[in-house]
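Before I ask anything, let me first share the structure, which is written out below as structure tokens.
The values are calculated or read from the model by the stated rules, or taken from the named source; none is laboratory data. The structure displayed is predicted, hence computed values, not measured ones. Please note: Cβ atoms are built from the backbone with ideal geometry, for glycine as well, and neighbour counts cover all protein chains shown. For the accessible areas, the whole protein counts, side chains as well, though only heavy atoms, and no ligand, DNA or RNA atoms are used. Shrake-Rupley method; radii C 1.70, N 1.55, O 1.52, S 1.80 Å.
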Amino acid sequence: MNIEPNDLLLFARVVDEGSFSRAAERVNLPKSTVSRRIAALESELGERLLLRTTRKLTVTDFGHSVLEHAHQVVTEVEAASSLAQHRQIKPSGRLRVSMPGDLANVVLGSFLAEFISVHSAISLDLDLSPRRVDLIGENFDVAIRAGHLADDATMAARQLAVFSGGLYASPTYLKTRGVPSEPEALMEHDALRLLQRSGDPAPWILSRGEARWEGIPPGRATINSPELLIRLARLGAGIAAVADEYAEAFIRSGELVQVLPDWNLPPTPLWAVFPGRRLMPARTRVFLDAMQAKFSSPQCRAREEQIEQTKRKHRASFE
């Protein structure tokens with residue numbers, strides 16, 4: 001059986017309009033063409049859909065069953081048409097975005113400046129607080145979030161990137177306190193720990209091949225800002241577990257050294273989260289597309305390689 005979706009669409013139009021003539025006018029086709037296509041649909045299905053007289057058009061029982069599916073075709077066609085028209089509208093209006101302040105300052109400053117310049121009709125509102133905003137309740141368009149996402153049927157998400165991380169300390173601190181050779185030795189050091197939303201310090205999870213270590217070393221400070229953790233580590237206050245992206249510039253300057261470089265922290269995914277509605281505003285779509293393009297660009301891949309080269313080079317020089 002080979003049913004043409006367009007014939008189902010025509011059938012729905014005929015029933016909804018109540019006549020072949022009005023349906024033909026609605027779809028801008030000759031009445032004879034509409035009548036022929038409905039007849040072909042009935043022939044393909046093997047049953048009558050409509051009973052036609054000169055004065056009345058009656059839908060058969062079988063026709064009512066088929067009409068449900070035909071209306072689904074109409075709905076999908078209208079949705080596709082709306083989507084096409086929606087994409088042609090110039091993005092404009094207020095775009096409310098929540099993201100970590102450290103990410104905005106360290107990683108996305110240039111991107112945000114370019115986005116504002118290119119999309120002059122969009123007014124960008126950024127919330128850089130560390131709290132997890134209620135996107136729907138607080139009328140946010142997008143939230144940029146790192147790590148594990150809770151299940152939420154009202155939300156949709158795109159993964160933008162994955163950040164590697166490591167343990168870092170200043171050369172001065174390591175000369176004073178010694179260089180840990182195994183993860184267990186971290187329990188004898190001062191840790192600069194990341195504060196979780198639960199109010200507890202995030203555990204340090206390290207892996208090397210099949211080996212795995214997890215612990216919460218004694219804390220000198222527990223802070224919900226990776227940027228401040230980096231600053232304290234540079235000033236010799238302890239060892240910090242942070243994303244390599246945040247530490248790379250200070251590795252090059254000699255202010256930070258990677259601790260236990262053979263051991264890896266779990267990679268941290270970065271997500272764009274947004275309300276899971278069928279059609280999103282054009283301003284939201286272009287922002288998401290631009291974020292995705294930024295993190296998948298050749299420049300981003302080159303940046304990842306630069307970070308790895310910096311870590312290898314300065315590891316060798318410190319050792």
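Using a simple charge model, +1 on the beta-carbon of Lys and Arg, -1 on the beta-carbon of Asp and Glu, nothing else, what dipole does segment 46-144 show about its Cα centre, in debye to the nearest 20?
For this selection, approximately 540 debye.
Provide the per residue accessible area, probe 1.4 Å, for segment 40-146, rounded to a whole number of square angstrom.
58
Could you count how many Lys pairs in the chain have their Cα atoms under 29 Å apart, skipping same-chain pairs fewer than 8 positions apart?
Lysine pairs, 8 or more places apart or on different chains, close enough: 6.
By average Cβ neighbour count within 10 Å, what is the ranking of 166-172, 139-145 from highest down?
Output ranking for 166-172, 139-145: 166-172, 139-145.
Another question about this same structure. Determine the relative contact order of segment 1-151: mean sequence separation of Cα pairs under 8 Å and six or more apart, normalised by residue count, in whole percent.
This gives 19 percent for segment 1-151.
Name the long-range amide H neighbours of ILE223: under 5 Å, sequence gap of 5 or more, or other chain; modelled H, no Pro or chain starts.
Result for ILE223 returns ARG193, LEU194, LEU195.
A follow-up question, please. Considering only DSSP states other than H, G, I, E and B, which trypsin sites (Lys or Arg not before Pro) in segment 33-79 qualify as loop sites with at most 12 other Cβ atoms within 10 Å?
In loop regions of segment 33-79 (DSSP not H, G, I, E or B), the sparsely surrounded trypsin sites (Lys or Arg not before Pro) are ARG55, LYS56.
Quick check: the distance between the Cα centres of segment 4-56 and segment 181-207, to the nearest angstrom?
So the two Cα centres are separated by 70 Å.
Hey, another quick one. Assign unit charges at the C-beta atoms only (+1 for Lys and Arg, -1 for Asp and Glu), then state the dipole size of segment 129-245 relative to its Cα centre in Debye, rounded to the nearest 20.
Dipole size: approximately 400 debye.
If you place +1 on the Cβ of every Lys and Arg and -1 on the Cβ of every Asp and Glu, how big does the dipole about the Cα centre of the chain come out, in debye to the nearest 20?
920
With a 1.4 Å probe and all protein chains left in place, how much of the accessible area of segment 106-254 comes from carbon and sulfur atoms, in whole percent?
Whole-percent figure for carbon plus sulfur exposure: 50.
What share of the DSSP beta bridges in the chain is antiparallel, in percent to the nearest 5?
DSSP beta bridges in the chain are roughly 65 percent antiparallel.
Pull up all non-local amide H partners of SER123: gap of 5 or more, or a different chain, and H-to-H distance under 5 Å with H placed in the peptide plane.
HN-HN under 5 Å from SER123: GLY93, ARG94, LEU95.
Right, next: So which GluC sites (Glu not before Pro) in segment 156-246 pass both tests, a DSSP loop state and at most 11 other Cβ atoms within 10 Å of the Cβ?
Answer in residue order: GLU210.
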